[in-house]
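Take a look at the structure set out below.
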């Protein structure tokens, strides 16, 4: 039987006393258990936002490049598309 053990690491930050008190006040008002939970959860949410935003920008640039390449360097139509065109042309010529 295997158990997963999370590895923890320490993160220390020096900040002015007033700033720490300000953060502690926000943690209390926000209903967090303690300052550590407030900082970790708040920073984690901000990190997710930043990563999501950057990934969307990267995906958008990639999609734009794919679209541009498709417009400037179109592939030859496949057999299915060719058959659809033939069927369409046959239909149109019968209607005349």
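Under a point spin-label approximation (7 Å from Cα along Cα-to-Cβ), what is the residue 48-residue 79 distance to one decimal in nm?
Modelled inter-label distance: 4.8 nm.
Here are labelled values, (1) 263; (2) 81; (3) 357, and one is the computed volume of the Cα convex hull per residue in Å³ for what I pasted. Which one?
Computed from the coordinates, volume of the Cα convex hull per residue in Å³ corresponds to (3).
May I ask you to compute the full-extension gain from residue 62 to residue 28, defined as 0.36 nm times their residue separation minus their alpha-carbon distance, rounded to one decimal in nm?
Contour length minus Cα-Cα distance gives 7.9 nm.
Angle check, please: helix 79-95 long axis (alpha carbons) against the longest principal axis of the chain (alpha carbons), in degrees 0 to 90, nearest 10.
It works out to around 50 degrees.
No lab work stands behind these numbers, since they all come straight from the coordinates. Because the structure is predicted, anything quoted here is derived from the model rather than measured. Because the Cβ atoms are built from the backbone with ideal geometry, glycine has one as well, and the counts that use them run over all protein chains shown.
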